[in-house]
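Everything on this sheet refers to the single structure shown next.
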Amino acid sequence: MSGRRRLEVLTLLAPALILTLVVFVLPLMRFMALAFTAPDGAFATFATLAESPVYRRVMLNSFVIAAVVTAITAALAWPLAYMLARVRGVWFTLMIYGVLFPLWISILVRTYSWMLLLERNGPVNRAIQAAGLSDTPLPLLFNHTGVLIGMVHVLLPYMVLPLYGAMRAIDPRLMQASDGLGAGLWQSFRRIWLPLSLPGLAGGATFVFLLSLGFYITPALLGGKTSIMLPTLIVAFITEQFNWPMAAAASITLLAAVTALMLVATRFLKLDRGMFAR
Amino acid sequence: MTETTGLALGLRALTKRYGPVTALEPTDLDIGAGEFLTLLGPSGSGKTTLLNLIAGYTEPSGGTIRIGARDVTRTPARHRNIGMVFQSYALFPHMTVAQNLAYGLEARRVPKAEIARRVEAALALMQLEGYGNRGVQQMSGGQQQRVAVARALVIEPDVLLMDEPLGALDRQLRRQVQVELRRLHLKHGRTTIYVTHDQEEALVLSDRIAVMGKGRIQQLGSAAELYARPANSFIAGFIGESNLPEARVTSVAGGMALADIPALGLSIEAPVVPGVAPGAPARLMIRPEHLRLLPDAGEGQDAGEGIGARIIEVIYLGELTQFGLETSRGAFLVARGMEGRGLRQGDTVRLGWSPRDVLIVPDTGP
Amino acid sequence: MNRLPLLWRIAANMATMAVLAFLVAPILAVIPASFNKASFIYLPPKEWSVLWYGRFFDDAEWLRALMNSLKLAALATLVAAPVGTLAALGLTRAGRRLALVSSGVFLAPMVVPIIIVAVSIYRSALDVGMNGSLLALVLSHAVLALPFVVINVGISLRGVNPAWPLAAAGLGAGPWRIFRTVTMPVILPGIAGGAVFSFMTSFDEAVLTIFLADHSTTTLPVKLWETVRLEFTPVLAVAAVVMIGLSVALFILGQALARRNGEKA
């Protein structure tokens, strides 16, 4: 009986497992193994990555941009998530669709839109000049500014949704109780609302940071030579230098960073309640 | 009811273990055709395990199950011809009432015309005429319950199993449905095993009650037998209410025992049930309605001396009044009756009882 | 919470509106852009026209890219939906450890940065000579879509009360009849929702396809990517509007299915 059940379970799982293993896991392993096949030694690729100031700048760039994107999305997502958790009815429907809708639009389309908006003579620059904020068109495209605007726009929903989830789970009676116990508005916010919404913030921040690190399309289209990030570097190794070992080494570095961050995040997500709720 | 024309269900040494945990100790049970038997017990007593074993949803670790002449121990649930009413009803939400009822008949490849006829008959039996095309989620809780019973009955099962079928209903509705289920059983006359933790339900419905506790049947008998002669302190406390002060038995002879009751500070002679022996832990069972309150000045007539006690609680229950009493030794007792209306909290009284109304039972522990 | 001072409430409302506008408005900018009459994009257009829609639908290359996208998305969904449904069913029946390991494998393509997934599959496709082939594209898109099906069907399976299959068995139904009459109808919206997600994932996928597609299998997003830095005519905006139109249609379908799924669960 339990043998038959096991067979049934394996039969159900087999197509998906085989598909994923053959088309994803196996190619991933084969690709990563290339990092250790450079002619000048198994770890030569990693040594090059670590020693070259150019590559080091790219890596630093990646983390700085990811961190800045995370911080900006957090700041923008906070009021939106807060309102989402409070409103009901039509307003809620409109707002949640406003958050979900962009997720359904191709990243390429979203990025292309920003190219139209941010160009030298685009509407954004014209608005800035019309408002008298600048006399000449600002360089908004093909630099850090463009990358940040585009990435924040694409990643904002990933911050809003977990934050909203955490805020909605806060029982409004807790704030009433805090009120009833004589706490002021600021104190109630700081002691109740903030600590209880922090898990959502941590989840969203992890999401956004990880996705930022792996972003390719948006930085490639909106960024310039100074805003190269790791994925762009990986592609450049392959398409420009035909250097697969270096591409694999850079990928392993990126994957290692992502994995380490995820481990830390899961740790942090479990601890935070105890850390912040006094 | 108890027209026991033959054996409907027979269990022999039926056992269920989950690793080191025994959910059901080896259990024997015979149920007569047409009988309504209730498995009564608290949660974790093994009653649901027993029901699932009979239904075929759980495989036994040992023992046999017979339905009529068939040994079904290894038969999968779908071939047992058993009707099950789940606590959650488990009605299929995407089907109408009639489709739910037809489900078991379709699985049995009954011809369409006969399915329609039998579904109609089942709807009529449950007073659900005209509801056939309703979605089950549009039905009220009480109606859903009747659909669940109808679905189990329409396949003409050899045994009808019901797992706390009234658990999801509110108290008032539950009383009404109890009476309906009883009448229904008289009509269809199918062998029924009913699981509940509610003793009132068990008393209203059953021909016989199997009180379950700690993975075994503690006592099997009619409601009156269980109430009058509980086999041990567990049943005395579970069927009806009882005062159960500790009894130190000194001797047993001819169905009577001599025992010291430390909480009351007296020695008495009282009837016993099997299993009571000198030195073995035992308790004195005094039902609250058998405890009499006598004015402090008076003499206890039946119980010799009578015991002094103070009223610490008076609860009016309508036609009855319940008194919480503290004896001079610090024991807490409950009395209930129509007398004593004039008594108030703080009054002192003397307690008495008739010796034939008390019983010494083995102590099964807490 | 309602005693938040008025000024704060106004500030919070305005901030919310601003952020919402930031989320939605830029995406819609391509719509007016696509109606430019001029051969370069000016926002808002000085002269409106549907000229470039004609150009898009007359251009064999854009049309082929669109058809390739639709065909690829449909095929990837045809693979991912049944395979993912079976996997979700398997996961609910599997023991804890097997379920944990398997779902880890299924979800991994979602977690690993897409660029790494892309170049890995690209390399292996090169090695076995399948680069540019439809089969390689279909299978790799199916892998990316698989987690959405597994998650969606998994959610709808939670709507199946464990007592229902037991009740059906008690009424005499065998395993296949139970699946057909009890499980399947309840999880159908979940499967459909997963299929919509699959289709969308494949239709919008750009990174992997940039590497894997060749001239004959190129998709709409890849064509957009290839021309975006060379061409400044509104035809690109038209392509973007076509993609948005399809996304919106699928979004509405997905929401409707999600609601049905939620009701059943």
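The values are calculated or read from the model by the stated rules, or taken from the named source; none is laboratory data. Treat the numbers as computed from the prediction; the structure is a model and nothing was measured. As a convention, Cβ positions derive from the backbone with ideal geometry for all residues, glycine included, and neighbour counts pool all protein chains shown.
Observations, loosely collected:
- Within region C:28-52, the residues that satisfy the criterion of being hydrophobic (A, V, I, L, M, F, W, C) and in contact with a strand residue (DSSP E or B) (Cβ under 9 Å, 6 or more places away or on another chain) are C:Phe35, C:Leu43, C:Trp48, C:Leu51, C:Trp52.
- Hey, C:Trp164 hydrophobic (A, V, I, L, M, F, W, C), without any contact (Cβ under 8 Å) to a residue 12 or more places away in the chain, assigned to a helix (DSSP H, G or I) and within 14 Å of chain B (Cβ to nearest Cβ) or not: no
- Matching residues in region A:162-200 - criterion: being farther than 22 Å from A:Ala77 by Cβ and of a type in the set (Gly, Ala, Ser): A:Ala177, A:Ser178, A:Gly180, A:Gly182, A:Ala183, A:Gly184
- Scoring B:Glu225 on the criteria (1) over 10 Å from the mean Cα position of the chain (by Cα); (2) in contact (Cβ under 8 Å) with a residue 60 or more places away in the chain; (3) closer than 17 Å to B:Val361 by Cα leaves a single failure, condition (2).
- Looking at B:Ala210, B:Ala231, B:Ala247, just one residue is modelled with pLDDT of 90 or more, of a type outside the set (Phe, Trp, Tyr) and under 13 Å from the mean Cα position of the chain (by Cα), and that residue is B:Ala210.
For (1) crowded, with 19+ Cβ neighbours inside 10 Å; (2) modelled with pLDDT of 90 or more, each residue gets a yes or a no:
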{"position": "C:Pro189", "(1), (2)": "yes, no"}
{"position": "C:Glu205", "(1), (2)": "yes, yes"}
{"position": "C:Leu208", "(1), (2)": "yes, yes"}
{"position": "C:Ala213", "(1), (2)": "yes, yes"}
{"position": "C:Thr218", "(1), (2)": "yes, yes"}
{"position": "C:Leu224", "(1), (2)": "yes, yes"}
{"position": "C:Met243", "(1), (2)": "yes, yes"}
{"position": "C:Ala256", "(1), (2)": "no, no"}
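- Among the residues listed as C:Thr218, C:Thr183, C:Thr201, the single one being away from chain B (no Cβ under 14 Å), hydroxyl-bearing (Ser, Thr, Tyr) and part of a helix (DSSP H, G or I): C:Thr201
- Taking strands (runs of 3 or more DSSP E) as the structural unit, those lying wholly within region B:120-225 and holding at least 1 residues that are among the polar types (S, T, N, Q) correspond to B:192-196, B:216-221.
- In region A:27-60, of all residues being touching a helix residue (DSSP H, G or I) at 6+ places or on another chain (Cβ under 7 Å) and under 17 Å from C:Val117 (Cβ atoms), the one that is farthest from the other protein chains (Cβ to nearest Cβ) corresponds to A:Ala35.
- Listed by first and then second residue, the pairs with beta-carbon distance under 8 Å, at least 6 apart or on different chains, first residue in region A:62-80 and farther than 17 Å from A:Tyr164 by Cα and touching a residue at least 12 places away in the same chain (Cβ under 8 Å), second among the aromatic types (Phe, Trp, Tyr) and surrounded by fewer than 16 Cβ atoms within 10 Å (Cβ to Cβ), form an empty list.
- Scanning region B:311-366 for residues that are β-branched (Val, Ile, Thr) and assigned to a loop (DSSP other than H, G, I, E, B) yields B:Val358, B:Thr364.
- Any hit, region C:4-22, residues being at the interface with chain A (Cβ under 9 Å from one of its Cβ atoms) and assigned to a loop (DSSP other than H, G, I, E, B): yes
- Counting only helices (runs of 4 or more DSSP H) wholly contained in region A:166-278, the ones carrying 3 or more residues that are within 13 Å of chain C (Cβ to nearest Cβ), under 22 Å from the mean Cα position of the chain (by Cα) and buried (at least 19 other Cβ atoms within 10 Å of the Cβ) occupy A:194-213, A:217-222, A:230-239, A:244-276.
- Failed item in (1) closer than 15 Å to A:Ala85 by Cα; (2) free of Cβ contacts under 8 Å to residues at least 60 places away in the same chain; (3) more than 19 Å from the chain's Cα centre (by Cα), with A:Pro157 passing the rest: (3)
- Residues that are in contact with a strand residue (DSSP E or B) (Cβ under 6 Å, 6 or more places away or on another chain) and of a type in the set (Lys, Arg) were ranked within region B:311-359; the one that is surrounded by the fewest Cβ atoms within 10 Å (Cβ to Cβ) is B:Arg336.
- When A:Arg126, A:Arg86 are screened for being within 11 Å of chain C (Cβ to nearest Cβ), within 30 Å of C:Phe40 (Cα to Cα) and either surrounded by fewer than 20 Cβ atoms within 10 Å (Cβ to Cβ) or modelled with pLDDT of 90 or more (or both), only A:Arg126 passes.
- The set of residues in region A:131-146 being among the hydroxyl-bearing types (Ser, Thr, Tyr) and closer than 23 Å to A:Ile228 by Cα consists of A:Thr145 alone.
- Flag if C:Ile41 is hydrophobic (A, V, I, L, M, F, W, C), closer than 20 Å to C:Lys223 by Cα, within 12 Å of chain A (Cβ to nearest Cβ) and not in a helix (DSSP H, G or I): yes
- Only one of the numbered conditions (1) facing chain A (nearest Cβ under 8 Å); (2) in a helix (DSSP H, G or I); (3) touching a residue at least 24 places away in the same chain (Cβ under 8 Å) is violated by C:Ala88, and that is (1).
- Summed over region B:120-141, residues that are farther than 21 Å from C:Leu166 by Cα and crowded, with 17+ Cβ neighbours inside 10 Å total 8.
- Any hit, region C:116-125, residues being surrounded by 20 or more Cβ atoms within 10 Å (Cβ to Cβ), part of a helix (DSSP H, G or I) and among the basic types (Lys, Arg): yes
- Residue-level analysis places B:Glu269 among those that are surrounded by fewer than 15 Cβ atoms within 10 Å (Cβ to Cβ) and either outside the structural domain of B:Ser328 (by TED's automatic domain parsing) or under 15 Å from B:Trp353 (Cβ atoms) (or both).
- Per the listing C:Ala99, C:Ala76, the residue uniquely crowded, with 22+ Cβ neighbours inside 10 Å and closer than 21 Å to A:Ile18 by Cβ is C:Ala76.
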